[in-house]
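The values are calculated or read from the model by the stated rules, or taken from the named source; none is laboratory data. Computed from a predicted model, the values in this text were never measured in an experiment. Cβ coordinates were reconstructed from backbone atoms using ideal geometry, including for glycine residues, and neighbour counts include every protein chain displayed.
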Amino acid sequence: MSFASIMKIFLPKDRVFYGLFEEVSSNLTQMSEVFGKAVTEQDPSARAVLLKQLEDWEHKNDEVTHRIFIELGRNFITPFDREDIHYLATSLDDIADFMWGSAKRMMNYYIDDVDDTTRGFAEIIKKSITALNKAVYGLRDMKDLRSLTEACVLINSLENEGDDMLDRGMMQLFSSNTNPIEIIKKKDLYQMLEVVTDKCEDAANVIESIIIKYV
Amino acid sequence: MSFASIMKIFLPKDRVFYGLFEEVSSNLTQMSEVFGKAVTEQDPSARAVLLKQLEDWEHKNDEVTHRIFIELGRNFITPFDREDIHYLATSLDDIADFMWGSAKRMMNYYIDDVDDTTRGFAEIIKKSITALNKAVYGLRDMKDLRSLTEACVLINSLENEGDDMLDRGMMQLFSSNTNPIEIIKKKDLYQMLEVVTDKCEDAANVIESIIIKYV
Amino acid sequence: MSFASIMKIFLPKDRVFYGLFEEVSSNLTQMSEVFGKAVTEQDPSARAVLLKQLEDWEHKNDEVTHRIFIELGRNFITPFDREDIHYLATSLDDIADFMWGSAKRMMNYYIDDVDDTTRGFAEIIKKSITALNKAVYGLRDMKDLRSLTEACVLINSLENEGDDMLDRGMMQLFSSNTNPIEIIKKKDLYQMLEVVTDKCEDAANVIESIIIKYV
């Protein structure tokens, strides 16, 4: 009997959740990096290749999220409140969905001129997911509560930055001589990018409420 | 004392929920059929008559949903988790709301040329609600779990078809020489039709989670 | 020892929630009045000053909402179900968010001609929040249940009026010779104003469910 399989017997079953959340969180990190690369890529066809990659990550994420829900149905004992696990899984899954959704919108709407607002959002999203990743990995031992809380606070302030970015982006669209079809496309893209930052905030809020309850 | 009133005494009060959900589900089936007829109707005024019928169904559905919530407040014992009943009632009600909302949009936006995307959505919605109806009626005895689960899986894959339909519809709007006002109208209509398929998926997910817990 | 501090000791800690909800509700009342003034103000720069005031109220409201969640984490005993407190706080906070969001949209989109639909929405919102305020203040002693329920019923019917207002507003946009950019702006504004009435209804629904459970 291998050491790994012995461990499996003794490893409390509820700890499976940490690993699954960490897997999702690592996926999101990769997605935000690929998206960041795509929006700074000048060549449209190279950019399309990068954007398309997000679909695979999104599918992969769907599977892990599904496994979290299966485990939730199976386990009587969970490391934190069942509904917190449910909300955290849902909001992390939403982040992946809306990131891929934003990429798809860029392709389907034939948005070829990536602008400063889009690049600004990609930066905010990357920072937000970096902080989220830290927070998710911090859940396992809950030792460094200060840095866990700091990560959540940072995500909240990045969401505010996202709001401002959307406001400025919209003001620019309406103040400049943009044609209506261009406005329709960009408005839709900006709004979806802003939702990504909202979903990061949702995830951070669940994590904060877990910390409050369990410490 | 009539047989019916004797039955009423002995009928466990919690079973009232099955009947109410079945009533909602039958309403939805009729709505999806009327909507399907409307979008293939060539004559605009005949189509308007059909679309307008959805409003009555939606009102009727509101009343049944209200009764479900009243019963939920009254009954201590429910056939499945209280929150599952709540979610199922809410998502079924949303389906009716967004179906009537889509019909209303066609009328208020003066959309006279019903296109392939709209007709495609009507088909998907009809299939999805047929499967949903089967799943809802299957809840009462939970005997044929395989077909219950299959219905839920089908609804999930129809929701994916809805996503693709929206993507293709939007690509077409932006690639063809459509005028901006037409794009605004159609985009809004397609998005609401897609939400109908989302809400069907929500209902199917609740049903799946009920199956997992109670079997 | 002052009378106030003696009271503080004996005042059941769970009663803190009433005061906090009343504070939020008073904020909302002021917000709806300022918004009502803004949309009837003819001078654009005077209007901008009024609209901008909503931001401060929204921030103030965020703080009180945050205190509600802190108290919720702290108190084991709450005057009503924990999740009802959570939903009520969230929906009241949403009202403030979307009211300020509507004001911001008017500014960021450079909407200078305030139209009848916008003014109609401001009226509906004012009436709805007046009724909501009455309902929130009625929670403390739950004595006048009839007027509490009436307030909730009124809010529900005002939400229906909001739906009709949106429908008529959209029909007008699409039937008149409005330019596409104007349609994009107004549609977005109307939809957000309609969400304000939805959120008032959400709050009223929570209050109704509290009444049903606790009386």
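Within the stretch B:16-47, being surrounded by fewer than 16 Cβ atoms within 10 Å (Cβ to Cβ) and not in a helix (DSSP H, G or I) holds for B:42, B:43.
Please list, ordered by first then second residue, the pairs with beta carbon atoms under 9 Å, 6 or more apart or interchain, first in the stretch C:72-99 and under 11 Å from residue C:206 (Cα atoms), second part of a loop (DSSP other than H, G, I, E, B) and hydroxyl-bearing (Ser, Thr, Tyr). Taking only residues 6 or more apart or on different chains, the pairs are C:84/C:78; C:85/C:78.
Taking the numbered list (1) farther than 25 Å from residue A:107 by Cα; (2) over 14 Å from the mean Cα position of the chain (by Cα); (3) charged (D, E, K, R) in turn, residue A:52 passes all entries but (1).
The rows are residues; the columns are (1) without any contact (Cβ under 8 Å) to a residue 40 or more places away in the chain; (2) among the polar types (S, T, N, Q); (3) touching a strand residue (DSSP E or B) at 6+ places or on another chain (Cβ under 9 Å); (4) farther than 19 Å from residue A:54 by Cα.
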{"residue": "A:114", "(1), (2), (3), (4)": "no, no, no, no"}
{"residue": "A:127", "(1), (2), (3), (4)": "yes, no, no, no"}
{"residue": "A:136", "(1), (2), (3), (4)": "no, no, no, yes"}
{"residue": "A:158", "(1), (2), (3), (4)": "no, no, no, yes"}
{"residue": "A:163", "(1), (2), (3), (4)": "yes, no, no, yes"}
{"residue": "A:188", "(1), (2), (3), (4)": "no, no, no, no"}
{"residue": "A:207", "(1), (2), (3), (4)": "no, no, no, yes"}
{"residue": "A:210", "(1), (2), (3), (4)": "no, no, no, yes"}
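Determine whether the stretch A:141-164 contains at least one residue that is within 27 Å of residue C:180 (Cβ to Cβ), surrounded by fewer than 20 Cβ atoms within 10 Å (Cβ to Cβ), away from chain B (no Cβ under 14 Å) and modelled with pLDDT of 95 or more. Within the stretch A:141-164, one or more residues are within 27 Å of residue C:180 (Cβ to Cβ), surrounded by fewer than 20 Cβ atoms within 10 Å (Cβ to Cβ), away from chain B (no Cβ under 14 Å) and modelled with pLDDT of 95 or more. Only a single criterion out of (1) surrounded by 12 or more Cβ atoms within 10 Å (Cβ to Cβ); (2) in contact (Cβ under 8 Å) with a residue 24 or more places away in the chain; (3) farther than 16 Å from residue B:25 by Cα is not satisfied by residue B:50, namely (2).
Checking each residue of the stretch A:73-87 against the condition of being under 20 Å from residue B:83 (Cα atoms), at pLDDT 90 or above and in contact with a Leu (Cβ under 9 Å, 6 or more places away or on another chain) gives at least one match. Within the stretch B:94-112, being within 14 Å of another protein chain (Cβ to nearest Cβ) and outside any loop (DSSP other than H, G, I, E, B) holds for B:94, B:97, B:98, B:100, B:101, B:102, B:103, B:104, B:105, B:106, B:107, B:108. Residues in the stretch C:91-140 that are buried (at least 17 other Cβ atoms within 10 Å of the Cβ) and on the phi > 0 side of the Ramachandran plot: there are none.
On the given criteria, is residue C:144 over 30 Å from residue A:208 (Cα atoms) and without any contact (Cβ under 8 Å) to a residue 40 or more places away in the chain? For residue C:144, the condition - over 30 Å from residue A:208 (Cα atoms) and without any contact (Cβ under 8 Å) to a residue 40 or more places away in the chain - is met. Given the criteria in a loop (DSSP other than H, G, I, E, B), under 30 Å from residue B:42 (Cβ atoms) and either among the hydrophobic types (A, V, I, L, M, F, W, C) or away from every other protein chain (no Cβ under 12 Å) (or both), does residue B:77 qualify? No; evaluated as a whole, the condition is false for this residue.
Checking every residue in the stretch B:172-193 against the condition of being of a type in the set (Ser, Thr, Tyr) and in contact with a helix residue (DSSP H, G or I) (Cβ under 7 Å, 6 or more places away or on another chain) gives at least one match. Taken over the stretch C:165-197, the criterion of being surrounded by fewer than 17 Cβ atoms within 10 Å (Cβ to Cβ) and away from chain B (no Cβ under 11 Å) is satisfied by C:176 alone.
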